[in-house]
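Chemist: I'd like to ask you about the structure that follows.
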Amino acid sequence: MKRTIIDINNWERKEIFQYFNKFQNPYGGLTAPVDVTQVYNDAYLNHRSFYLTMLHHILTIINHEEDMECFRMRTEGDDVVVYDKLNVGPTYLRKDKTVAFTFYEYFEDIDKFISEARRKEEAAQHTTGLNYMAENDSPNLLFFTCVPWISFTQIIEPKFSSTDSAPHISTGKYYWKEKDSLMMPVSVCLHHGFGDGYHISKFLNLLSEYHPL
């Protein structure tokens, strides 16, 4: 992975970052229903997991779309850095209803991504505890959770520490709207020093536009 240190003194967000970074909780967030019909149809037609197709779609937007580098930014000591690639650390529910932390590397090839994710899920099924791995400490990580049992309108995400700066994204139970639009609640929490409502809104809108690589 490649990381680039941002020249804060010449950064257009210098004052915004310095202001919000002093907060005990510098995150800002939005929760909105998102039309995921295209993602669902593509997963169905290609006999893929909708959950993993959606997760790959999320990572593809963050890793490739314009204005999304704010999701790849981190505070590291006195520096702000941006990574060239974001991977994901999702939670995984075992059969005994306990939660394990997992780690999926992002690959542009969706079938490779899903294959590797399935392998990690199978391994997590046979572990106990949080299954915390070295990869879960990776700085270029998106924290992700799926709550498929309820179409929530708000969700509160825990912070790992006062220096946590990684984005948090959660999805809920999808539902049909007017029989032809599949809607799903999506919650996004982003360090406010890195991005604002514009960036989160653009990300949420891009989720409805599915263009497989």
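The values are calculated or read from the model by the stated rules, or taken from the named source; none is laboratory data. Computed from a predicted structure; not experimentally measured. A quick note on method: Cβ atoms are made from the backbone with ideal geometry, for glycine too, and the neighbour counts reach across all protein chains shown. Ligands, DNA and RNA are stripped out before the accessible areas are found, and what is left, the full protein with its side chains, is counted by its heavy atoms. Shrake-Rupley method; radii C 1.70, N 1.55, O 1.52, S 1.80 Å.
Chemist: For ASN25, are the conditions met, namely being surrounded by fewer than 18 Cβ atoms within 10 Å (Cβ to Cβ) and free of Cβ contacts under 8 Å to residues at least 40 places away in the same chain?
Modeler: Considered against the rule, which asks whether it is surrounded by fewer than 18 Cβ atoms within 10 Å (Cβ to Cβ) and free of Cβ contacts under 8 Å to residues at least 40 places away in the same chain, ASN25 comes out as no.
Chemist: Shifting gears a bit: Need a quick list: strands (runs of 3 or more DSSP E) entirely within segment 1-120 having at least 2 residues that are at pLDDT 95 or above and under 22 Å from SER187 (Cβ atoms).
Modeler: By residue number, 27-35, 73-76, 87-93.
Chemist: Can you list residue pairs whose Cβ atoms sit under 7 Å apart, with the first residue in segment 75-97 being free of Cβ contacts under 8 Å to residues at least 40 places away in the same chain and of a type in the set (Lys, Arg) and the second being surrounded by 12 or more Cβ atoms within 10 Å (Cβ to Cβ) and in a strand (DSSP E or B)? Count only pairs 6 or more apart in sequence or on different chains.
Modeler: ARG94/ALA100
Chemist: Within segment 79-113, take every residue that is of a type in the set (D, E, K, R) and farther than 17 Å from ASN140 by Cα and give me the one that is least open to solvent (accessible area, probe 1.4 Å).
Modeler: Looking at the filtered set, the residue picked out is ARG94.
Chemist: To continue, here is another question. If only one of SER151, SER201, SER165 is in a loop (DSSP other than H, G, I, E, B), polar (S, T, N, Q) and within 15 Å of ILE62 (Cβ to Cβ), which one is it?
Modeler: SER165 is the lone residue from the list that is in a loop (DSSP other than H, G, I, E, B), polar (S, T, N, Q) and within 15 Å of ILE62 (Cβ to Cβ).
Chemist: Let me ask something else. Tell me, yes or no, whether segment 168-189 has at least one residue that is under 21 Å from ARG72 (Cα atoms) and loosely packed, with under 15 Cβ neighbours inside 10 Å.
Modeler: Within segment 168-189 (the criterion being under 21 Å from ARG72 (Cα atoms) and loosely packed, with under 15 Cβ neighbours inside 10 Å), the answer is no, since none of the residues qualifies.
Chemist: Okay, next question. Which condition does GLU116 not pass, out of (1) out of contact with any strand residue (DSSP E or B) (no Cβ under 6 Å at 6 or more places or on another chain); (2) farther than 30 Å from ARG13 by Cβ; (3) open to solvent by 90 Å² or more (accessible area, probe 1.4 Å), if it passes all the others?
Modeler: Of (1) out of contact with any strand residue (DSSP E or B) (no Cβ under 6 Å at 6 or more places or on another chain); (2) farther than 30 Å from ARG13 by Cβ; (3) open to solvent by 90 Å² or more (accessible area, probe 1.4 Å), only one is false for GLU116: (3).
Chemist: Something else: Output the number of residues of segment 121-133 satisfying the condition of being outside any loop (DSSP other than H, G, I, E, B) and open to solvent by less than 80 Å² (accessible area, probe 1.4 Å).
Modeler: Result for segment 121-133: 4.
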